[in-house]
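The values are calculated or read from the model by the stated rules, or taken from the named source; none is laboratory data. For clarity, every value in this text was computed on a predicted model and none was experimentally measured. Note that each Cβ is placed from the backbone with ideal geometry, even for glycine, and that neighbours are counted across all protein chains shown.
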């Protein structure tokens, strides 16, 4: 299976840390997390990110602007808005995107 790189943006640090732990628990997934969108944008431009996870406590305008930034820079990137629901839901959301892309 291919390895996938994730960028997680979230303003709630404890939840961001949980998401990082959950994603990085899969040996084929590698995630880095940010609570600052400008640092996340810099990272995104310098790395080949497959998935962007948007987590909790992000203002609506920041979410829209960051999503647009990512899609403009790399139209094929997958953006998932994940605001809770447990590890099973997160994994299901990721696997659903991989399935739809024909990568499962």
**OP:** Would you point out the residue of segment 45-68, among those that are in contact with a helix residue (DSSP H, G or I) (Cβ under 6 Å, 6 or more places away or on another chain) and in a helix (DSSP H, G or I), that is farthest from residue 5 (Cα to Cα)?
**Re:** 62
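Could you say which residue among 76, 33 is assigned to a strand (DSSP E or B) and more than 15 Å from residue 91 (Cα to Cα)?
Details: 76 fails: assigned to a strand (DSSP E or B).
Going through 76, 33 in turn, just one is assigned to a strand (DSSP E or B) and more than 15 Å from residue 91 (Cα to Cα): 33.
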Subject >> Looking only at segment 41-57, and only at residues there that are farther than 26 Å from residue 99 by Cβ and under 14 Å from the mean Cα position of the chain (by Cα), the one that is surrounded by the fewest Cβ atoms within 10 Å (Cβ to Cβ) >> reply: 43
Original post:
In segment 1-19, what count of residues is obtained for those that are surrounded by 14 or more Cβ atoms within 10 Å (Cβ to Cβ), in a helix (DSSP H, G or I) and in contact (Cβ under 8 Å) with a residue 12 or more places away in the chain?
Top reply: 3
**OP:** Out of 45, 71, 22, report the one residue that is touching a strand residue (DSSP E or B) at 6+ places or on another chain (Cβ under 9 Å) and in contact (Cβ under 8 Å) with a residue 24 or more places away in the chain.
**Re:** 22
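Confirm whether residue 103 is in contact (Cβ under 8 Å) with a residue 60 or more places away in the chain, over 13 Å from the mean Cα position of the chain (by Cα) and in a loop (DSSP other than H, G, I, E, B). Please lay out each step first, then the result.
Details: in contact (Cβ under 8 Å) with a residue 60 or more places away in the chain: yes; over 13 Å from the mean Cα position of the chain (by Cα): yes; in a loop (DSSP other than H, G, I, E, B): yes.
So residue 103 fits the description; yes.
Looking at residue 90, is it under 19 Å from residue 14 (Cβ atoms) and either part of a helix (DSSP H, G or I) or modelled with pLDDT of 90 or more (or both)?
Working: under 19 Å from residue 14 (Cβ atoms): yes; either part of a helix (DSSP H, G or I) or modelled with pLDDT of 90 or more (or both): yes.
For residue 90, the condition - under 19 Å from residue 14 (Cβ atoms) and either part of a helix (DSSP H, G or I) or modelled with pLDDT of 90 or more (or both) - is met.
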